[in-house]
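Asker: Sharing a structure below in structure tokens format, with a few things to ask.
The values are calculated or read from the model by the stated rules, or taken from the named source; none is laboratory data. All values reported here derive from a predicted model rather than from experimental measurement. Please note: Cβ atoms are built from the backbone with ideal geometry, for glycine as well, and neighbour counts cover all protein chains shown.
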Amino acid sequence: MTAQPLLASALPLPLWRRGKVREVYEVDAQRLLLVASDRVSAFDVVMAEPVPDKGRVLTQLSAHWFLRLAAVTPSHFITANTNEIVAAIPKLADHRDQIAGRAMLVRRTKPFAFECVVRGYIAGSAWTEYKRSGTLAGEALATGLSESSQLAPPIFSPATKAESGHDENVPFARMRDALGAPAADALKATSLAVYAAGRDEAARQGIIIADTKFEFGLDARGQQILIDEVLTPDSSRFWPAAEYAPGKTQPSFDKQPLRDWLTAERKAGRWNGNAPGPALPDAVIAATRQRYRQAYRLLVGHELEEEQ
């Protein structure tokens, strides 16, 4: 049976926070439950229609990477197995329809107030700034780069976290000033190591990880650990290696069909770019869903299962 899309969960646990995609619930003093809905946002607007399977892709792909990257860095991950979650939190037994495949039990941490972005290729906001000034977060980059050019070695490019709107790219020096050199240097080194491990594994599956963002927190022992999601289509830019050609925008395994359609609607004057977003055609929802599922299949090696 195909799982029904979920716009928002409502579980018998204290709601700690609700983001654009996830609800985060308090389990106890040591643990949280992250539930990834099928909400989709673009240009900082959350659409009214869900994209089926999106939340399960984000959760199960993160679970895959947390396990694969355990030798590189510890993380907050405990389990994304529905049976194990219900065994740990029995009151969720009657709410499997809301958590199956999309919930992750994690350890609580004190998050750092920075996104740890690693860029292996220049795209997105980095390319926009580079075209304008030849810089990234105000710092000069090599001359002569074209859109989607490879950055060798990859660049650590932190950003401030924004509750709403865009994150802001900032110089590494600002992160060092805020966190102190030891913490910032450790976050940079770990981020580059995690990116390298993920990049190399994805390359074997024919996928380029152009850039990605990580989040870290301090656990109860004061150890820096990887948190949130990791190497998903929402946190990373995935390109098919066989189609890579610098000098232009690359096709990507994410919500590109949605962004392209919204851009066309805006240019045609049918949407002003603000909330609420326009009603999404079934074809756009289906194309976006297919991109997420394809990313999962290529990276994990099998189709997304109905129940995990």
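Asker: Quick check on this structure: which one of Ala8, Ala42, Ala48, Ala36 is under 21 Å from the mean Cα position of the chain (by Cα) and crowded, with 22+ Cβ neighbours inside 10 Å?
Answerer: Matching residue, one of Ala8, Ala42, Ala48, Ala36: Ala36.
Asker: Looking only at residues that are hydroxyl-bearing (Ser, Thr, Tyr) and closer than 15 Å to Pro246 by Cβ in the range 112-142, which one is surrounded by the most Cβ atoms within 10 Å (Cβ to Cβ)?
Answerer: Tyr121
Asker: Of all residues in the range 266-281, which are loosely packed, with under 15 Cβ neighbours inside 10 Å and in contact (Cβ under 8 Å) with a residue 12 or more places away in the chain?
Answerer: Matches in the range 266-281: Gly273, Asn274, Ala275, Pro276, Ala279, Pro281.
Asker: Follow-up question, since we're still on this one. For the list (1) modelled with pLDDT of 95 or more; (2) assigned to a loop (DSSP other than H, G, I, E, B); (3) farther than 23 Å from Lys110 by Cβ, I need the number of the one condition that Pro251 fails.
Answerer: (1)
Asker: Looking only at strands (runs of 3 or more DSSP E) that fall completely inside the range 1-114, which ones have 2 or more residues that are acidic (Asp, Glu) and in contact with a Phe, Trp or Tyr (Cβ under 6 Å, 6 or more places away or on another chain)?
Answerer: none
Asker: For the range 127-139, state whether one or more residues are over 25 Å from Gly55 (Cα atoms), assigned to a loop (DSSP other than H, G, I, E, B), of a type outside the set (Phe, Trp, Tyr) and in contact (Cβ under 8 Å) with a residue 12 or more places away in the chain.
Answerer: Yes, because at least one residue in the range 127-139 is over 25 Å from Gly55 (Cα atoms), assigned to a loop (DSSP other than H, G, I, E, B), of a type outside the set (Phe, Trp, Tyr) and in contact (Cβ under 8 Å) with a residue 12 or more places away in the chain.
Asker: Considering the range 149-188 alone, what residues qualify as being polar (S, T, N, Q), in a loop (DSSP other than H, G, I, E, B) and under 27 Å from Ala71 (Cβ atoms)?
Answerer: Ser157
Asker: Take Leu262 and tell me if it is more than 20 Å from Ala126 (Cβ to Cβ), at pLDDT 95 or above, assigned to a helix (DSSP H, G or I) and not assigned by TED's automatic domain parsing to the domain that holds Arg39.
Answerer: It is true that Leu262 is more than 20 Å from Ala126 (Cβ to Cβ), at pLDDT 95 or above, assigned to a helix (DSSP H, G or I) and not assigned by TED's automatic domain parsing to the domain that holds Arg39.
Asker: Any residue in the range 228-247 that's assigned to a loop (DSSP other than H, G, I, E, B): show its pairings with residues that are modelled with pLDDT of 95 or more and exposed (fewer than 15 other Cβ atoms within 10 Å of the Cβ) at Cβ separation under 7 Å, as long as the two are six or more apart or on different chains.
Answerer: If the second residue must be modelled with pLDDT of 95 or more and exposed (fewer than 15 other Cβ atoms within 10 Å of the Cβ), the pairs left are Pro246/Ser146; Gly247/Ser146.
Asker: Separate question: Regarding Thr109, is this residue surrounded by 13 or more Cβ atoms within 10 Å (Cβ to Cβ), free of Cβ contacts under 8 Å to residues at least 12 places away in the same chain and under 24 Å from Asp167 (Cα atoms)?
Answerer: no
Asker: Being of a type in the set (Gly, Ala, Ser) and either assigned to a loop (DSSP other than H, G, I, E, B) or surrounded by fewer than 18 Cβ atoms within 10 Å (Cβ to Cβ) (or both) narrows it down to one residue among Ser191, Ser146; which is it?
Answerer: Of Ser191, Ser146, the one residue that is of a type in the set (Gly, Ala, Ser) and either assigned to a loop (DSSP other than H, G, I, E, B) or surrounded by fewer than 18 Cβ atoms within 10 Å (Cβ to Cβ) (or both) is Ser146.
Asker: Give the range 51-77 a look and list any residue that's buried (at least 20 other Cβ atoms within 10 Å of the Cβ), farther than 26 Å from Gly273 by Cβ and either in contact with a His (Cβ under 7 Å, 6 or more places away or on another chain) or not polar (S, T, N, Q) (or both), or say none.
Answerer: Asp53, Arg56, Val57, Leu61, Ala63, Trp65, Phe66, Leu69, His76, Phe77 - these are the residues of the range 51-77 that are buried (at least 20 other Cβ atoms within 10 Å of the Cβ), farther than 26 Å from Gly273 by Cβ and either in contact with a His (Cβ under 7 Å, 6 or more places away or on another chain) or not polar (S, T, N, Q) (or both).
Asker: Follow-up question, since we're still on this one. Could you please find all residues in the range 195-222 being part of a helix (DSSP H, G or I) and either under 13 Å from the mean Cα position of the chain (by Cα) or crowded, with 23+ Cβ neighbours inside 10 Å (or both)?
Answerer: Correct list: Tyr195, Gly198.
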